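Here the structure comes first, spelled out in C-alpha coordinates, and everything after it is commentary.
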Amino acid sequence: MSIKKTSNNLILHKRDLVLLKRSEEAKNIEIYGNMYECLKTYNTLSAAQLKEDIAFDDKARMILNHDTKMMMDRIKNEWHAKSSFEIADNEVHCQLCSRKTVYICYIENSITGEELHVGSECVKHYKDIKGAGSVISKVSSYRRDVKKDARQTEFDVALGENIDFCKNANNKIEQFPMVLPYKLHSDLKSVIAMCNRIRTVYISSGGDLSESINKFNLKMNEFCELYERAENCYAKNRRNPLLCTRKIADWLLKNGYKYVIENIQKANGILNEETLQFIYEPEFIKRNIFVFEKCLKQKDVTFLGTKGTVIRFKIQNDRFKQPIFFTMPIKDFMKKIGCHCLTQDGYRYSKSSLSASIEMTSENLKNVFNYYVSILNNTDCMLIFERRVSKYYWERKQHFTVSPWSIHSREIDPIYKIATLDTILTFIGDVLFIDGKSEKEISEIIIGKIKKGGKWIPKEEKNRGVKIAVEAAGMQKRREFIPYS
Ligand SMILES: [Zn+2]
(Lines give C-alpha, C1' and ligand atoms only; values in the text may rest on other atoms or scores of the structure.)
Protein backbone atom coordinates (compact mmCIF):
# COMPACT_ATOMS: atom_id res chain seq x y z
CA MET A 1 0.00 0.00 0.00
CA SER A 2 2.77 2.38 0.97
CA ILE A 3 4.76 1.49 -2.18
CA LYS A 4 1.79 2.27 -4.37
CA LYS A 5 1.20 5.54 -2.59
CA THR A 6 4.83 6.47 -3.02
CA SER A 7 4.88 5.62 -6.68
CA ASN A 8 1.67 7.59 -7.18
CA ASN A 9 3.47 10.63 -5.88
CA LEU A 10 6.57 10.30 -8.03
CA ILE A 11 8.18 13.58 -8.89
CA LEU A 12 10.61 11.95 -11.28
CA HIS A 13 9.99 8.61 -13.01
CA LYS A 14 12.77 6.23 -13.78
CA ARG A 15 13.04 7.29 -17.41
CA ASP A 16 13.06 11.00 -16.43
CA LEU A 17 15.95 10.36 -14.16
CA VAL A 18 17.92 8.41 -16.77
CA LEU A 19 17.48 11.28 -19.16
CA LEU A 20 18.27 13.89 -16.53
CA LYS A 21 21.48 12.18 -15.43
CA ARG A 22 22.73 12.19 -19.03
CA SER A 23 21.92 15.83 -19.70
CA GLU A 24 24.05 18.95 -19.38
CA GLU A 25 21.08 21.12 -18.47
CA ALA A 26 20.64 19.53 -15.01
CA LYS A 27 24.26 20.26 -14.09
CA ASN A 28 23.58 24.02 -14.04
CA ILE A 29 24.12 24.94 -10.36
CA GLU A 30 22.86 28.53 -10.90
CA ILE A 31 19.41 27.22 -11.67
CA TYR A 32 19.16 23.81 -10.03
CA GLY A 33 21.52 24.11 -7.05
CA ASN A 34 22.90 20.71 -5.97
CA MET A 35 20.04 18.74 -7.55
CA TYR A 36 22.26 16.89 -10.05
CA GLU A 37 24.64 15.69 -7.33
CA CYS A 38 21.82 14.64 -4.98
CA LEU A 39 19.89 12.70 -7.64
CA LYS A 40 22.89 10.52 -8.52
CA THR A 41 21.83 7.82 -6.07
CA TYR A 42 18.15 7.82 -7.04
CA ASN A 43 16.40 5.70 -9.67
CA THR A 44 13.04 7.36 -9.04
CA LEU A 45 12.16 10.26 -6.78
CA SER A 46 8.96 10.55 -4.81
CA ALA A 47 7.62 13.56 -2.93
CA ALA A 48 8.21 11.72 0.38
CA GLN A 49 11.82 10.97 -0.46
CA LEU A 50 12.46 14.55 -1.39
CA LYS A 51 10.91 15.70 1.87
CA GLU A 52 13.04 13.28 3.94
CA ASP A 53 16.39 13.81 2.16
CA ILE A 54 18.02 16.80 3.79
CA ALA A 55 20.89 16.88 1.25
CA PHE A 56 18.81 18.81 -1.37
CA ASP A 57 19.43 22.56 -1.14
CA ASP A 58 16.70 25.20 -1.53
CA LYS A 59 17.11 25.73 -5.29
CA ALA A 60 16.94 21.96 -5.94
CA ARG A 61 13.95 21.55 -3.67
CA MET A 62 12.13 24.49 -5.25
CA ILE A 63 12.59 23.18 -8.81
CA LEU A 64 11.68 19.60 -7.93
CA ASN A 65 8.56 20.65 -6.07
CA HIS A 66 7.27 23.22 -8.55
CA ASP A 67 9.07 23.31 -11.89
CA THR A 68 9.95 19.79 -13.04
CA LYS A 69 7.98 20.33 -16.26
CA MET A 70 10.05 23.35 -17.23
CA MET A 71 13.23 21.45 -16.35
CA MET A 72 12.26 18.30 -18.27
CA ASP A 73 11.29 20.41 -21.33
CA ARG A 74 14.76 21.95 -21.34
CA ILE A 75 16.37 18.51 -20.88
CA LYS A 76 14.34 17.09 -23.77
CA ASN A 77 15.58 19.92 -25.93
CA GLU A 78 19.07 18.41 -25.70
CA TRP A 79 17.86 15.20 -27.31
CA HIS A 80 16.72 14.12 -30.76
CA ALA A 81 15.38 10.81 -32.06
CA LYS A 82 17.09 9.09 -34.96
CA SER A 83 14.89 8.42 -37.95
CA SER A 84 15.40 4.67 -38.26
CA PHE A 85 14.40 1.90 -35.90
CA GLU A 86 15.38 -1.72 -35.50
CA ILE A 87 13.61 -4.89 -34.58
CA ALA A 88 15.22 -6.83 -31.74
CA ASP A 89 16.26 -10.31 -32.66
CA ASN A 90 17.15 -11.10 -29.06
CA GLU A 91 16.28 -9.73 -25.61
CA VAL A 92 16.82 -5.99 -25.60
CA HIS A 93 15.81 -3.68 -22.74
CA CYS A 94 14.92 -0.05 -23.04
CA GLN A 95 17.60 2.13 -21.48
CA LEU A 96 14.99 4.53 -20.15
CA CYS A 97 12.49 2.19 -18.47
CA SER A 98 14.41 -1.15 -18.52
CA ARG A 99 11.42 -2.93 -20.06
CA LYS A 100 11.95 -5.53 -22.74
CA THR A 101 11.42 -4.03 -26.13
CA VAL A 102 10.92 -5.29 -29.70
CA TYR A 103 11.05 -2.04 -31.62
CA ILE A 104 14.29 -0.27 -30.79
CA CYS A 105 14.61 3.44 -31.45
CA TYR A 106 17.62 5.63 -30.75
CA ILE A 107 17.82 9.01 -29.10
CA GLU A 108 20.98 11.05 -29.03
CA ASN A 109 22.11 13.92 -26.85
CA SER A 110 23.01 16.76 -29.20
CA ILE A 111 25.57 18.22 -26.80
CA THR A 112 27.42 15.14 -25.55
CA GLY A 113 26.72 12.82 -28.48
CA GLU A 114 25.62 10.08 -26.09
CA GLU A 115 23.17 7.62 -27.61
CA LEU A 116 20.47 5.61 -25.82
CA HIS A 117 18.46 2.76 -27.27
CA VAL A 118 14.89 3.07 -26.16
CA GLY A 119 11.61 1.29 -26.72
CA SER A 120 9.06 2.84 -29.00
CA GLU A 121 6.69 3.27 -26.03
CA CYS A 122 9.21 5.54 -24.33
CA VAL A 123 9.73 7.52 -27.51
CA LYS A 124 5.96 8.00 -27.55
CA HIS A 125 6.16 9.29 -24.00
CA TYR A 126 8.69 11.90 -25.14
CA LYS A 127 6.94 12.62 -28.41
CA ASP A 128 7.99 16.29 -28.42
CA ILE A 129 11.65 15.30 -28.73
CA LYS A 130 12.86 16.37 -32.14
CA GLY A 131 12.31 13.55 -34.69
CA ALA A 132 10.24 11.41 -32.33
CA GLY A 133 6.99 11.82 -34.27
CA SER A 134 8.53 10.59 -37.47
CA VAL A 135 10.06 7.42 -36.04
CA ILE A 136 6.89 6.67 -34.04
CA SER A 137 4.76 6.75 -37.17
CA LYS A 138 7.27 4.54 -38.96
CA VAL A 139 7.05 1.97 -36.18
CA SER A 140 3.28 2.02 -36.06
CA SER A 141 2.85 1.62 -39.81
CA TYR A 142 5.26 -1.30 -39.68
CA ARG A 143 3.27 -2.82 -36.82
CA ARG A 144 0.06 -2.40 -38.80
CA ASP A 145 1.71 -4.35 -41.64
CA VAL A 146 2.77 -7.04 -39.25
CA LYS A 147 -0.80 -7.33 -38.02
CA LYS A 148 -2.01 -7.55 -41.61
CA ASP A 149 0.48 -10.29 -42.33
CA ALA A 150 -0.74 -12.17 -39.29
CA ARG A 151 -4.40 -11.85 -40.36
CA GLN A 152 -3.55 -12.91 -43.90
CA THR A 153 -1.91 -16.07 -42.57
CA GLU A 154 -4.87 -16.65 -40.26
CA PHE A 155 -7.37 -16.28 -43.11
CA ASP A 156 -5.44 -18.43 -45.56
CA VAL A 157 -4.90 -21.17 -43.00
CA ALA A 158 -8.65 -21.16 -42.33
CA LEU A 159 -9.33 -21.44 -46.07
CA GLY A 160 -7.26 -24.62 -46.16
CA GLU A 161 -7.26 -26.24 -49.58
CA ASN A 162 -9.30 -23.35 -51.00
CA ILE A 163 -6.41 -20.99 -50.47
CA ASP A 164 -6.05 -20.30 -54.22
CA PHE A 165 -9.76 -20.26 -54.93
CA CYS A 166 -9.90 -16.77 -56.48
CA LYS A 167 -6.90 -17.36 -58.69
CA ASN A 168 -8.14 -20.76 -59.85
CA ALA A 169 -11.69 -19.54 -60.39
CA ASN A 170 -10.44 -16.64 -62.49
CA ASN A 171 -8.30 -19.01 -64.58
CA LYS A 172 -11.30 -21.27 -65.12
CA ILE A 173 -13.29 -18.33 -66.46
CA GLU A 174 -10.43 -16.97 -68.57
CA GLN A 175 -9.88 -20.40 -70.10
CA PHE A 176 -13.51 -21.45 -70.44
CA PRO A 177 -13.95 -23.07 -73.88
CA MET A 178 -16.59 -20.58 -75.04
CA VAL A 179 -17.50 -16.93 -74.62
CA LEU A 180 -20.17 -17.09 -71.93
CA PRO A 181 -23.49 -15.23 -71.97
CA TYR A 182 -23.11 -11.73 -70.60
CA LYS A 183 -25.06 -12.09 -67.34
CA LEU A 184 -23.58 -15.47 -66.46
CA HIS A 185 -20.07 -14.18 -67.13
CA SER A 186 -20.49 -11.03 -65.07
CA ASP A 187 -22.15 -12.99 -62.22
CA LEU A 188 -19.21 -15.37 -62.14
CA LYS A 189 -16.76 -12.48 -62.16
CA SER A 190 -18.57 -10.63 -59.42
CA VAL A 191 -18.71 -13.69 -57.14
CA ILE A 192 -14.95 -14.03 -57.47
CA ALA A 193 -14.56 -10.32 -56.75
CA MET A 194 -16.73 -10.68 -53.65
CA CYS A 195 -14.59 -13.57 -52.35
CA ASN A 196 -11.49 -11.52 -52.87
CA ARG A 197 -13.08 -8.59 -51.10
CA ILE A 198 -14.11 -10.62 -48.05
CA ARG A 199 -10.50 -11.76 -47.67
CA THR A 200 -8.99 -8.33 -48.27
CA VAL A 201 -11.34 -6.60 -45.83
CA TYR A 202 -10.52 -9.12 -43.12
CA ILE A 203 -6.81 -8.71 -43.70
CA SER A 204 -6.87 -4.92 -43.66
CA SER A 205 -9.39 -4.31 -40.89
CA GLY A 206 -9.76 -7.56 -38.96
CA GLY A 207 -13.07 -8.73 -37.50
CA ASP A 208 -14.64 -12.10 -36.82
CA LEU A 209 -12.58 -14.70 -38.66
CA SER A 210 -15.14 -17.51 -38.70
CA GLU A 211 -17.86 -15.13 -39.89
CA SER A 212 -15.61 -13.97 -42.74
CA ILE A 213 -14.74 -17.56 -43.66
CA ASN A 214 -18.45 -18.46 -43.68
CA LYS A 215 -19.22 -15.60 -46.03
CA PHE A 216 -16.35 -16.70 -48.24
CA ASN A 217 -17.64 -20.29 -48.34
CA LEU A 218 -21.14 -19.13 -49.29
CA LYS A 219 -19.74 -17.15 -52.20
CA MET A 220 -17.63 -20.13 -53.21
CA ASN A 221 -20.74 -22.34 -53.35
CA GLU A 222 -22.47 -19.67 -55.40
CA PHE A 223 -19.56 -19.79 -57.83
CA CYS A 224 -19.84 -23.58 -58.15
CA GLU A 225 -23.55 -23.33 -59.01
CA LEU A 226 -22.90 -20.66 -61.62
CA TYR A 227 -20.01 -22.63 -63.06
CA GLU A 228 -22.24 -25.65 -63.46
CA ARG A 229 -24.64 -23.49 -65.45
CA ALA A 230 -21.72 -22.39 -67.61
CA GLU A 231 -20.77 -26.00 -68.27
CA ASN A 232 -24.36 -26.85 -69.22
CA CYS A 233 -24.40 -23.88 -71.57
CA TYR A 234 -21.27 -25.16 -73.27
CA ALA A 235 -22.60 -28.72 -73.53
CA LYS A 236 -25.73 -27.36 -75.23
CA ASN A 237 -23.81 -25.20 -77.74
CA ARG A 238 -20.57 -26.98 -78.39
CA ARG A 239 -21.66 -28.27 -81.79
CA ASN A 240 -22.99 -24.92 -82.99
CA PRO A 241 -20.66 -23.83 -85.82
CA LEU A 242 -21.25 -20.21 -84.81
CA LEU A 243 -20.17 -20.73 -81.21
CA CYS A 244 -17.53 -18.18 -80.25
CA THR A 245 -14.79 -20.45 -78.96
CA ARG A 246 -11.97 -19.52 -76.61
CA LYS A 247 -9.63 -19.53 -79.58
CA ILE A 248 -11.70 -16.95 -81.43
CA ALA A 249 -12.08 -14.89 -78.26
CA ASP A 250 -8.31 -14.91 -77.67
CA TRP A 251 -7.78 -13.91 -81.29
CA LEU A 252 -10.22 -11.01 -80.86
CA LEU A 253 -8.40 -9.84 -77.74
CA LYS A 254 -5.04 -10.04 -79.45
CA ASN A 255 -6.31 -8.02 -82.39
CA GLY A 256 -7.82 -5.23 -80.31
CA TYR A 257 -11.48 -6.26 -80.59
CA LYS A 258 -12.25 -6.50 -76.89
CA TYR A 259 -15.49 -4.57 -77.42
CA VAL A 260 -16.66 -7.18 -79.92
CA ILE A 261 -16.39 -9.83 -77.21
CA GLU A 262 -18.88 -7.89 -75.15
CA ASN A 263 -21.33 -7.92 -78.07
CA ILE A 264 -20.80 -11.67 -78.44
CA GLN A 265 -21.48 -12.14 -74.72
CA LYS A 266 -24.71 -10.19 -75.15
CA ALA A 267 -25.61 -12.59 -77.98
CA ASN A 268 -25.08 -15.54 -75.59
CA GLY A 269 -21.70 -16.47 -77.02
CA ILE A 270 -23.04 -17.14 -80.51
CA LEU A 271 -21.62 -15.22 -83.48
CA ASN A 272 -24.13 -13.28 -85.57
CA GLU A 273 -24.19 -11.20 -88.72
CA GLU A 274 -22.89 -8.16 -86.86
CA THR A 275 -20.08 -9.75 -84.88
CA LEU A 276 -18.97 -12.08 -87.70
CA GLN A 277 -17.77 -8.99 -89.57
CA PHE A 278 -14.86 -8.82 -87.12
CA ILE A 279 -13.95 -12.50 -87.13
CA TYR A 280 -11.16 -13.28 -89.49
CA GLU A 281 -9.38 -15.78 -87.32
CA PRO A 282 -7.77 -18.15 -89.88
CA GLU A 283 -8.91 -21.44 -88.28
CA PHE A 284 -12.52 -20.32 -88.21
CA ILE A 285 -12.33 -19.17 -91.83
CA LYS A 286 -10.74 -22.45 -92.93
CA ARG A 287 -13.55 -24.37 -91.24
CA ASN A 288 -16.17 -22.35 -93.11
CA ILE A 289 -14.64 -22.07 -96.57
CA PHE A 290 -17.00 -24.75 -97.88
CA VAL A 291 -19.97 -22.59 -96.83
CA PHE A 292 -18.51 -19.54 -98.58
CA GLU A 293 -17.92 -21.59 -101.71
CA LYS A 294 -21.45 -23.05 -101.64
CA CYS A 295 -23.00 -19.56 -101.56
CA LEU A 296 -21.04 -18.36 -104.61
CA LYS A 297 -23.31 -18.28 -107.70
CA GLN A 298 -20.64 -18.95 -110.35
CA LYS A 299 -18.61 -22.11 -110.39
CA ASP A 300 -15.54 -20.86 -112.28
CA VAL A 301 -14.06 -19.40 -109.09
CA THR A 302 -12.48 -21.85 -106.65
CA PHE A 303 -11.52 -21.18 -103.04
CA LEU A 304 -7.97 -22.33 -102.38
CA GLY A 305 -7.83 -21.57 -98.65
CA THR A 306 -6.24 -18.83 -96.58
CA LYS A 307 -2.73 -17.48 -96.58
CA GLY A 308 -1.91 -15.07 -93.77
CA THR A 309 -4.59 -12.41 -93.81
CA VAL A 310 -6.02 -13.19 -97.26
CA ILE A 311 -8.21 -15.82 -98.91
CA ARG A 312 -6.76 -17.28 -102.10
CA PHE A 313 -8.91 -17.92 -105.17
CA LYS A 314 -8.47 -19.27 -108.66
CA ILE A 315 -10.55 -18.35 -111.69
CA GLN A 316 -10.56 -20.62 -114.72
CA ASN A 317 -13.10 -20.52 -117.56
CA ASP A 318 -13.44 -20.05 -121.33
CA ARG A 319 -11.76 -16.66 -121.09
CA PHE A 320 -9.03 -17.70 -118.72
CA LYS A 321 -8.02 -21.11 -119.95
CA GLN A 322 -4.87 -20.85 -117.85
CA PRO A 323 -6.04 -20.05 -114.31
CA ILE A 324 -5.51 -16.63 -112.76
CA PHE A 325 -4.85 -16.62 -109.02
CA PHE A 326 -6.12 -13.78 -106.90
CA THR A 327 -6.62 -12.91 -103.26
CA MET A 328 -8.99 -10.92 -101.10
CA PRO A 329 -8.32 -9.80 -97.51
CA ILE A 330 -10.28 -12.09 -95.14
CA LYS A 331 -11.33 -8.95 -93.27
CA ASP A 332 -13.03 -7.45 -96.33
CA PHE A 333 -14.51 -10.80 -97.33
CA MET A 334 -16.11 -11.35 -93.92
CA LYS A 335 -17.51 -7.84 -93.79
CA LYS A 336 -19.00 -7.89 -97.29
CA ILE A 337 -19.88 -11.52 -97.86
CA GLY A 338 -18.82 -14.03 -95.20
CA CYS A 339 -21.03 -12.69 -92.39
CA HIS A 340 -24.13 -13.18 -94.59
CA CYS A 341 -23.11 -16.63 -95.85
CA LEU A 342 -22.95 -17.99 -92.32
CA THR A 343 -26.18 -16.48 -91.04
CA GLN A 344 -28.73 -16.16 -93.88
CA ASP A 345 -30.35 -19.30 -95.23
CA GLY A 346 -30.21 -19.42 -99.02
CA TYR A 347 -27.88 -16.42 -99.26
CA ARG A 348 -26.13 -16.20 -102.64
CA TYR A 349 -23.50 -13.78 -103.92
CA SER A 350 -21.92 -13.16 -107.27
CA LYS A 351 -18.19 -13.38 -107.98
CA SER A 352 -18.31 -9.71 -108.97
CA SER A 353 -18.72 -8.82 -105.27
CA LEU A 354 -15.23 -10.22 -104.68
CA SER A 355 -12.49 -7.63 -104.87
CA ALA A 356 -9.52 -9.19 -106.55
CA SER A 357 -5.82 -8.58 -106.06
CA ILE A 358 -3.95 -10.61 -108.65
CA GLU A 359 -1.27 -12.71 -106.98
CA MET A 360 2.26 -11.81 -107.95
CA THR A 361 3.71 -15.26 -108.51
CA SER A 362 5.76 -16.19 -111.55
CA GLU A 363 3.16 -18.72 -112.70
CA ASN A 364 0.42 -16.12 -112.44
CA LEU A 365 2.48 -13.45 -114.22
CA LYS A 366 3.08 -15.86 -117.08
CA ASN A 367 -0.66 -16.61 -117.39
CA VAL A 368 -1.55 -12.92 -117.17
CA PHE A 369 0.98 -12.06 -119.88
CA ASN A 370 -0.36 -14.80 -122.14
CA TYR A 371 -3.89 -13.55 -121.57
CA TYR A 372 -2.89 -10.05 -122.72
CA VAL A 373 -1.19 -11.47 -125.78
CA SER A 374 -4.28 -13.44 -126.76
CA ILE A 375 -6.88 -10.75 -126.04
CA LEU A 376 -4.84 -7.96 -127.70
CA ASN A 377 -4.03 -10.05 -130.73
CA ASN A 378 -5.38 -8.30 -133.87
CA THR A 379 -5.76 -4.97 -132.04
CA ASP A 380 -3.45 -1.96 -132.31
CA CYS A 381 -2.11 -2.57 -128.79
CA MET A 382 0.15 -5.21 -127.31
CA LEU A 383 2.00 -6.01 -124.13
CA ILE A 384 5.66 -6.77 -124.74
CA PHE A 385 8.46 -7.81 -122.45
CA GLU A 386 11.89 -6.26 -122.98
CA ARG A 387 14.05 -9.09 -121.75
CA ARG A 388 17.35 -7.18 -121.75
CA VAL A 389 16.06 -4.74 -119.08
CA SER A 390 13.32 -6.94 -117.60
CA LYS A 391 10.67 -4.31 -118.34
CA TYR A 392 7.17 -4.50 -119.72
CA TYR A 393 5.99 -2.00 -122.36
CA TRP A 394 2.62 -1.27 -123.90
CA GLU A 395 3.15 -1.13 -127.64
CA ARG A 396 0.82 0.79 -129.92
CA LYS A 397 0.88 0.32 -133.65
CA GLN A 398 0.44 3.46 -135.79
CA HIS A 399 -1.08 3.82 -139.21
CA PHE A 400 -0.55 6.48 -141.72
CA THR A 401 -3.18 7.07 -144.38
CA VAL A 402 -1.61 7.40 -147.80
CA SER A 403 -4.16 9.79 -149.30
CA PRO A 404 -7.70 11.06 -148.56
CA TRP A 405 -9.04 9.00 -151.48
CA SER A 406 -7.40 5.80 -150.55
CA ILE A 407 -8.61 3.25 -147.99
CA HIS A 408 -5.07 1.86 -147.91
CA SER A 409 -2.83 2.87 -145.07
CA ARG A 410 0.78 2.23 -144.29
CA GLU A 411 2.10 1.08 -140.98
CA ILE A 412 4.75 3.28 -139.42
CA ASP A 413 6.93 2.69 -136.33
CA PRO A 414 4.93 1.86 -133.18
CA ILE A 415 5.10 3.95 -129.97
CA TYR A 416 5.66 2.70 -126.44
CA LYS A 417 4.71 3.30 -122.84
CA ILE A 418 6.19 1.67 -119.73
CA ALA A 419 3.78 -0.92 -118.34
CA THR A 420 4.18 -1.20 -114.59
CA LEU A 421 3.33 -4.51 -112.94
CA ASP A 422 0.77 -2.66 -110.91
CA THR A 423 -1.21 -1.50 -113.94
CA ILE A 424 -0.82 -4.86 -115.72
CA LEU A 425 -2.37 -6.64 -112.74
CA THR A 426 -4.99 -3.97 -112.02
CA PHE A 427 -6.35 -3.97 -115.58
CA ILE A 428 -6.77 -7.75 -115.42
CA GLY A 429 -8.44 -7.47 -112.04
CA ASP A 430 -10.91 -4.99 -113.50
CA VAL A 431 -12.09 -7.40 -116.20
CA LEU A 432 -11.65 -10.65 -114.28
CA PHE A 433 -15.30 -11.26 -113.42
CA ILE A 434 -16.98 -9.98 -116.60
CA ASP A 435 -19.33 -12.51 -118.11
CA GLY A 436 -21.55 -12.18 -121.20
CA LYS A 437 -19.33 -9.80 -123.14
CA SER A 438 -17.54 -10.69 -126.36
CA GLU A 439 -13.78 -10.92 -126.47
CA LYS A 440 -13.78 -7.84 -128.71
CA GLU A 441 -15.76 -5.81 -126.15
CA ILE A 442 -13.39 -6.86 -123.39
CA SER A 443 -10.32 -6.04 -125.46
CA GLU A 444 -11.81 -2.56 -126.04
CA ILE A 445 -12.19 -2.05 -122.28
CA ILE A 446 -8.55 -3.06 -121.74
CA ILE A 447 -7.26 -0.87 -124.57
CA GLY A 448 -9.22 2.06 -123.14
CA LYS A 449 -7.32 1.60 -119.87
CA ILE A 450 -3.96 1.22 -121.63
CA LYS A 451 -4.42 4.43 -123.61
CA LYS A 452 -5.36 6.49 -120.57
CA GLY A 453 -2.53 8.31 -118.75
CA GLY A 454 1.23 7.97 -119.11
CA LYS A 455 3.42 9.24 -121.90
CA TRP A 456 3.96 7.45 -125.20
CA ILE A 457 7.51 7.53 -126.54
CA PRO A 458 8.81 6.73 -130.04
CA LYS A 459 10.63 3.52 -130.76
CA GLU A 460 14.07 5.20 -130.90
CA GLU A 461 13.61 6.71 -127.46
CA LYS A 462 12.53 3.36 -126.01
CA ASN A 463 15.52 1.64 -127.64
CA ARG A 464 17.86 4.37 -126.43
CA GLY A 465 16.51 3.91 -122.92
CA VAL A 466 16.99 0.17 -123.17
CA LYS A 467 20.52 0.63 -124.55
CA ILE A 468 21.51 3.01 -121.75
CA ALA A 469 20.06 0.67 -119.18
CA VAL A 470 21.88 -2.30 -120.66
CA GLU A 471 25.17 -0.38 -120.81
CA ALA A 472 24.77 0.90 -117.29
CA ALA A 473 24.17 -2.64 -116.12
CA GLY A 474 27.31 -3.73 -118.03
CA MET A 475 29.37 -0.87 -116.52
CA GLN A 476 28.14 -1.79 -113.13
CA LYS A 477 29.18 -5.35 -113.69
CA ARG A 478 32.65 -4.32 -114.87
CA ARG A 479 33.07 -2.04 -111.88
CA GLU A 480 32.25 -4.89 -109.64
CA PHE A 481 35.04 -6.93 -111.13
CA ILE A 482 37.73 -4.26 -111.66
CA PRO A 483 38.12 -2.23 -108.53
CA TYR A 484 39.71 1.25 -108.70
CA SER A 485 43.40 1.29 -108.06
ZN1 LIG B 1 11.21 2.37 -22.13
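The values are calculated or read from the model by the stated rules, or taken from the named source; none is laboratory data. The structure displayed is predicted, hence computed values, not measured ones. Here the Cβ positions follow ideal geometry from the backbone for every residue, glycine too, while neighbour counts run over all protein chains shown.
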Any idea how many residues of the stretch 105-119 are in contact (Cβ under 8 Å) with a residue 40 or more places away in the chain and among the hydroxyl-bearing types (Ser, Thr, Tyr)?
1
Checklist (1) part of a helix (DSSP H, G or I); (2) within 16 Å of the ligand (Cβ to nearest atom); (3) out of contact with any Lys or Arg (no Cβ under 8 Å at 6 or more places or on another chain) applied to Glu121, failing item:
(3)
Cβ-Cβ below 6 Å, separation at least six or inter-chain, first residue in the stretch 127-156 and outside any helix (DSSP H, G or I), second aliphatic (A, V, I, L, M): which pairs?
Ile129/Ala81; Gly131/Ala81
Could you tell me whether Thr101 is assigned to a loop (DSSP other than H, G, I, E, B) and at pLDDT below 95?
no
Does Gly346 count as out of contact with any Phe, Trp or Tyr (no Cβ under 7 Å at 6 or more places or on another chain), not assigned by TED's automatic domain parsing to the domain that holds Gly448 and not hydrophobic (A, V, I, L, M, F, W, C)?
yes
Does Arg22 satisfy being modelled with pLDDT of 95 or more, more than 16 Å from the ligand (Cβ to nearest atom) and at negative phi?
no
Please work out if Glu115 is among the acidic types (Asp, Glu), at pLDDT 95 or above and within 16 Å of the ligand (Cβ to nearest atom).
yes
Residues of the stretch 441-469 being part of a helix (DSSP H, G or I) and within 15 Å of Phe427 (Cα to Cα), in sequence order, are Glu441, Ile442, Ser443, Glu444, Ile445, Ile446, Ile447, Gly448, Lys449, Ile450, Lys451
Given the conditions (1) out of contact with any helix residue (DSSP H, G or I) (no Cβ under 7 Å at 6 or more places or on another chain); (2) of a type outside the set (Gly, Ala, Ser); (3) more than 14 Å from Cys341 (Cβ to Cβ), report the number of the one that Arg287 does not fulfil.
(3)
Can you work out which of the residues in the stretch 88-112 that are more than 16 Å from the ligand (Cβ to nearest atom) and farther than 17 Å from Lys21 by Cα is surrounded by the most Cβ atoms within 10 Å (Cβ to Cβ)?
Asp89
Looking at the stretch 269-298, which of its residues are in a loop (DSSP other than H, G, I, E, B) and loosely packed, with under 15 Cβ neighbours inside 10 Å?
Lys297, Gln298
When Arg312 is run through (1) over 15 Å from Leu354 (Cα atoms); (2) modelled with pLDDT of 95 or more; (3) out of contact with any helix residue (DSSP H, G or I) (no Cβ under 9 Å at 6 or more places or on another chain), the failure sits at (1)
Please name all residue pairs, on different chains or six or more residues apart, with Cβ atoms under 7 Å, provided the first residue is in the stretch 44-70 and is more than 14 Å from Ala26 (Cα to Cα) and the second residue is aromatic (Phe, Trp, Tyr) and surrounded by 17 or more Cβ atoms within 10 Å (Cβ to Cβ).
Leu50/Phe56
